[in-house]
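Single-structure report; data block below.
No value in this document is a laboratory result; all are computed from the given coordinates. Please read all numbers here as calculations on a predicted model, not as lab measurements. Virtual Cβ from ideal backbone geometry, glycine too; neighbours counted across all protein chains shown.
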Amino acid sequence: MQAHFRAARNFYQGTIAEVTDAQLLWQPAPVGNPIGAHVGHIVAGEDGLIQGMLRGAAPVGATTWAG
């Protein structure tokens with residue numbers, strides 16, 4: 001399973017490796033979401049899956065990084 005997570009993460013990181021900050025923040029339409037919002041969604045989902053489901057711990061987003 002770790003190999004699958006690693007492969008998915010490497011693919012994702014390769015996909016956005018050259019995306020600039022301006023591109024991350026650009027909003028494609030009045031109701032569209034910027035790429036950065038999707039990045040946040042992926043990170044939060046990965047955090048919840050690994051920490052919450054696999055480790056049985058609270059997601060980092062709900063503990064250490066909670067605002």
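Note that the range 27-32 has calculated 3J(HN,Hα) couplings of 9, x, 7, x, 10, x Hz, one per residue in order, obtained from phi through the Karplus relation 6.51 cos²θ - 1.76 cosθ + 1.60 (θ = phi - 60°); glycine and proline are x. Ordered from longest to shortest, the equivalent ellipsoid semi-axes for the range 19-67 are 27, 10, 9 Å, each the square root of 5 times a Cα gyration tensor eigenvalue.
The angle between the Cα long axis of helix 35-47 and the longest principal axis of the Cα atoms of the chain comes to about 0 degrees, rounded to the nearest 10. Helical runs (DSSP H, four residues minimum) scored at -39500 (n - 2.57) apiece and divided by the length of the chain put the mean residue ellipticity at 222 nm at -15000 deg cm²/dmol. Distance between the 7 Å Cα→Cβ label points at Asn10 and Ala57: 2.5 nm. The C-alpha atoms of the chain define a longest principal axis, and helix 2-16 lies at about 10 degrees to it.
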